[in-house]
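All of the numbers you see were taken from the coordinates with simple rules; none came from a lab. None of the values given here were measured: they were computed from a predicted structure. We place every Cβ from the backbone using ideal geometry, glycine too, and count neighbours over all the protein chains shown.
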């Protein structure tokens, strides 16, 4: 799973989704050890293609159609 890093003042925080917090049994103050997967790991950003973004929207449309319609007002 990829998580995002966010600057908070002069520190950084890894934003972990609630599902993963539950899955790992984490609570406020839990200690985690983090590090690169391998020593040559680098950060890369890959943006979704138009086709991927459209497919993601279409895949969620049946489940969230009412919410999308409300947002479109």
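Here is how the numbers come out for the structure above:
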{"item": "Likely footprinting exposure, 73, 11, fewest C-beta neighbours within 10 Å first", "result": "73, 11"}
{"item": "Rounded, prolate or oblate (a/c below 1.5 giving rounded, otherwise prolate when a/b exceeds b/c) for the chain by Cα gyration tensor", "result": "prolate"}
{"item": "Helix 50-72 vs. the chain, principal-axis angle (Cα, 0 to 90°, nearest 10)", "result": "70 degrees"}
